[in-house]
Amino acid sequence: MSPARILDGKATAAAVRLEVAAEVARLRTAGLAPKLVVVLVGEDPASQVYVRNKDKAAQEAGFEVRTLRLPASATQAALESEVKALNADASVHGILVQLPLPKGLDADRIVRLLDPRKDVDGLHPENVAALVMGGNGLRPCTPAGCVELLDRHDFALEGRQVVVLGRSMLVGKPLALLALERNATVTVCHSRTRDLAEVCRNADVLVAAVGRPRLVRADWIRPGAVVLDVGINRLPDGKLCGDVDFAAASQVAGAITPVPGGLGPMTIAMLLSNTALAAARQAGLEKDSLLFRERR
Ligand code: NAP
């Protein structure tokens, strides 16, 4: 097999971000200043990097951005009262609470407390229900980024065998639903799946969202398959790697995403997209949106 086409998430995300910037400019012309608030609790180093990247990308796209920092010692009540204040603040259109939260804080309660119209991570039960039922909610960013990346490389999911490794609420489950919405035939695998390698070999599109470095070997991949590697794992030498053995897999796959530079940048781009959509909807300006043609 010749080496796989590399699906460049960074370049594709840059294209999405340009379109979002144009939408933000349109909203500003209409008198709306779309605003994102990122809530960061504690000092987790990875979360700090993610929040800094989101903040920078949002500013570059023209959003108003605020990072609300709370100490790791913040109580559940204090965090809830901040979220309620952001829900009530009409100048705030998107709220992102960076997960995971420090020990002792109940993330599920916080997610449920968010105003679903401002839940730009797409995790509130109302947004999950919209995804399950085909409604008009906000979609979780990483799975939406996977579908967007395929769309922008003219890869249709209809009729394809999609195998998703991982069943989290953040990635695996919503991705399975998005693929189903696109008329794919979907298999979802997890830690109790038997004959994982064999199941993977059936995939036209294999998505790894597990959090195990290089779990997916080249001989799990059907020659020519599309491989989306969502995993972000830090190795002992400090380098990042995905859930797929990239060097070997790229000799077998038809197309593959790198780590870093794959779904990470796409996730941020979709967060910005969601924030623009949330702002437009809250202001009644969605009809003329430059984004989300198929979602209206
Ligand atoms: P998670 O909540 O820990 O879920 C991991 C899933 O993988 C679970 O469903 C688990 O099965 C399954 N699993 C674990 N070991 C397995 C094995 N040996 N074989 C098959 N399945 C196995 O993780 P997550 O939040 O979905 O994240 C997954 C990965 O994606 C992580 O590396 C994370 O850092 C990365 N991520 C990246 C982005 C991005 O922007 N690119 C965004 C989010 C997450 P059970 O359900 O049976 O336990």
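The values are calculated or read from the model by the stated rules, or taken from the named source; none is laboratory data. Only a predicted model underlies this, so the values are computations on that prediction, with no experimental measurement involved. Cβ coordinates were reconstructed from backbone atoms using ideal geometry, including for glycine residues, and neighbour counts include every protein chain displayed.
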(1) without any contact (Cβ under 8 Å) to a residue 40 or more places away in the chain; (2) touching a strand residue (DSSP E or B) at 6+ places or on another chain (Cβ under 8 Å) all hold for Val226 apart from (1)
Scanning for something outside any loop (DSSP other than H, G, I, E, B), closer than 19 Å to Gly9 by Cβ and more than 11 Å from the ligand (Cβ to nearest atom), does segment 191-201 turn up at least one residue? no
Residue by residue through segment 106-124, note down the ones that are more than 15 Å from the chain's Cα centre (by Cα) and either loosely packed, with under 14 Cβ neighbours inside 10 Å or closer than 17 Å to Val41 by Cβ (or both). Asp106, Ala107, Asp108, Arg109, Ile110, Val111, Arg112, Leu113, Leu114
Ile110 is checked against (1) closer than 27 Å to Gly9 by Cα; (2) touching a strand residue (DSSP E or B) at 6+ places or on another chain (Cβ under 6 Å) and fails just one. What number does that condition carry? (1)
Taking Lys103 as the residue in question, decide whether it is buried (at least 19 other Cβ atoms within 10 Å of the Cβ) and outside the structural domain of Ala179 (by TED's automatic domain parsing). no
Being within 30 Å of Val259 (Cβ to Cβ) and among the basic types (Lys, Arg) narrows Arg5, Arg26 down to just Arg5
I want to confirm something. Restricting to segment 244-296 and keeping residues that are in a loop (DSSP other than H, G, I, E, B) and β-branched (Val, Ile, Thr), which single residue is surrounded by the most Cβ atoms within 10 Å (Cβ to Cβ)? Thr257
Considering residues that are among the small types (Gly, Ala, Ser) and within 16 Å of the ligand (Cβ to nearest atom), the number found within segment 250-275 is 5
Of the conditions (1) in a loop (DSSP other than H, G, I, E, B); (2) surrounded by fewer than 17 Cβ atoms within 10 Å (Cβ to Cβ), the single one that Ala129 does not satisfy is (1)
Taking segment 221-243 as the region of interest, how many residues are buried (at least 24 other Cβ atoms within 10 Å of the Cβ) and more than 11 Å from the ligand (Cβ to nearest atom)? 4
For Asn183, all conditions in the list (1) within 23 Å of Ala253 (Cα to Cα); (2) within 13 Å of the ligand (Cβ to nearest atom) hold save one; what is the number of the exception? (2)
For Leu206, are the conditions met, namely being within 16 Å of the ligand (Cβ to nearest atom) and under 22 Å from Pro174 (Cβ atoms)? yes
Return the only residue of Gly262, Gly242 being touching a Leu at 6+ places or on another chain (Cβ under 8 Å) and within 24 Å of Leu96 (Cβ to Cβ). Gly262
Please enumerate the residues belonging to segment 51-86 that are part of a helix (DSSP H, G or I), more than 17 Å from Val41 (Cβ to Cβ) and not acidic (Asp, Glu). Asn53, Lys56, Ala57, Ala58, Gln59
Looking at (1) modelled with pLDDT of 95 or more; (2) more than 9 Å from the ligand (Cβ to nearest atom); (3) more than 15 Å from the chain's Cα centre (by Cα), which is the only condition Asp288 fails? (1)
So Pro213 passes all but one of these: (1) more than 10 Å from the ligand (Cβ to nearest atom); (2) at pLDDT 95 or above; (3) farther than 30 Å from Arg28 by Cα. Which condition number does it fail? (1)
